[in-house]
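A short write-up of the structure that comes next.
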Amino acid sequence: MRKLIALLLCLFAAAPAFAQGDARRIESPGVRVGDTWMFNKIDGWKGSLEEVSVNVVKRSDAGGIVMESSSLDGSSVAKILRTTAFNLVRIEAPAFTQKAEPFYPNYSFPLYVGKTWSGKVTLSNTKQPGVEVTAYLQGRAVGWEMVTVPAGNYLALKLRMEGRYDARGPGGFWDGTIEDTLWYAPEVRNAVRYEYIDNFDGKRYNHEVHELVRFWPGR
């Protein structure tokens with residue numbers, strides 16, 4: 001049951017996009033309809049490639065951002081809903097629906113080095129009836145770094161999200177901690193690397209990494 005959080009976050013490969021401009025301050029997301037990113041998902045424990053996903057922006061308006069995420073061969077299609085600031089709200093796949101209520105607070109605009117924010121989010125998954133995870137997270141923009149991923153070298157702003165979670169389900173209660181680290185590059189209007197770790201009972205439990213392979217800009 002503790003895999004709920006990592007299962008929900010595995011589709012964060014379709015990470016938030018940002019407007020280009022002053023490298024010291026990001027005012028708002030710059031996502032466009034048609035923006036497409038290909039990402040590698042890597043097992044953080046073994047360093048092995050688990051899957052390749054293709055993520056496309058299908059709609060962007062006042063109601064939020066709608067994305068489609070699929071495997072490289074076009075299978076395993078999922079619909080992803082995000083806020084206008086590109087924070088995750090819901091993932092709809094043929095076999096399950098995952099929710100982050102009100103949303104997973106990875107981003108808070110404007111973004112600049114030293115910015116801090118916080119948020120509370122409740123996570124659920126229809127594949128795990130009765131299981132609910134509530135996370136209390138604090139975010140900060142750490143600084144600009146050069147990052148190398150399969151798509152190339154990028155100047156990216158490092159964002160760090162940390163906190164604890166409380167979970168309950170048919171099997172009882174448990175708690176732990178979460179560590180999210182993202183690097184985004186205004187050049188591609190997206191995070192180019194994302195690393196997720198959660199800990200349970202004082203030990204690292206889930207560890208995954210997503211890296212940009214290619215970016216196709218939309219209109």
Relative to the present Cα-Cα distance, how much length would full extension add between Trp45 and Val33 at 0.36 nm per residue of separation?
0.9 nm
Interatomic Cα distance distribution for the stretch 173-216, bins of 5 angstrom, percent:
6, 20, 23, 15, 13, 10, 8, 4, 1
What distance in nm separates the simple spin-label points at Thr97 and Asp175, each placed 7 Å from Cα in the Cβ direction?
3.1 nm
In Å, the Kirkwood hydrodynamic radius from C-alpha pairs for the stretch 28-174 sits at 17.2 Å
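Taking the Cα centre of the stretch 66-219 as origin, work out the dipole magnitude from +1 charges on Lys and Arg Cβ and -1 charges on Asp and Glu Cβ, in debye rounded to 20.
360 debye
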Skipping prolines and chain starts, which residues have an amide H placed within reach, meaning under 5 Å, of the one on Gly44, given they are 5 or more residues away or on another chain?
His207, Glu208, Val209
Quick calc: nm separation of the 7 Å Cα→Cβ label points for Lys203 and Trp216 -> 4.4 nm
Residue by residue through the stretch 191-196, what is 3J(HN,Hα) from phi via Karplus (6.51 cos²θ - 1.76 cosθ + 1.60, θ = phi - 60°)? Round to whole Hz and write x for glycine and proline.
6, 9, 8, 9, 10, 10
Roughly speaking, what is the centre-to-centre gap between the stretch 121-163 and the stretch 35-51 when only Cα atoms are used, to the nearest Å?
15 Å
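State which entries of Lys99/Lys158; Lys79/Lys120; Lys41/Lys79 exceed 30 angstrom in Cα-Cα distance in the structure shown.
Numbers: Lys99/Lys158 26 Å; Lys79/Lys120 23 Å; Lys41/Lys79 18 Å.
Correct reply: none exceed it.
With r defined as the distance between the Cβ atoms of Val66 and Lys120 and R0 fixed at 25 Å, what FRET efficiency is calculated, to the nearest 0.05?
Numbers: r = 24 Å, r/R0 = 0.98.
Once the sixth-power term is evaluated, E becomes 0.55.
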Scalar couplings 3J(HN,Hα) for the stretch 205-216 by Karplus 6.51 cos²θ - 1.76 cosθ + 1.60 (θ = phi - 60°), nearest whole Hz, x for Gly and Pro, are 10, 10, 8, 9, 9, 10, 10, 5, 9, 6, 10, 10
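Each value in this text was obtained by applying a stated rule to the coordinates, not by laboratory testing. Please read all numbers here as calculations on a predicted model, not as lab measurements. Here Cβ is always computed from backbone atoms with ideal geometry, including for glycine, and neighbour counts include all displayed protein chains.
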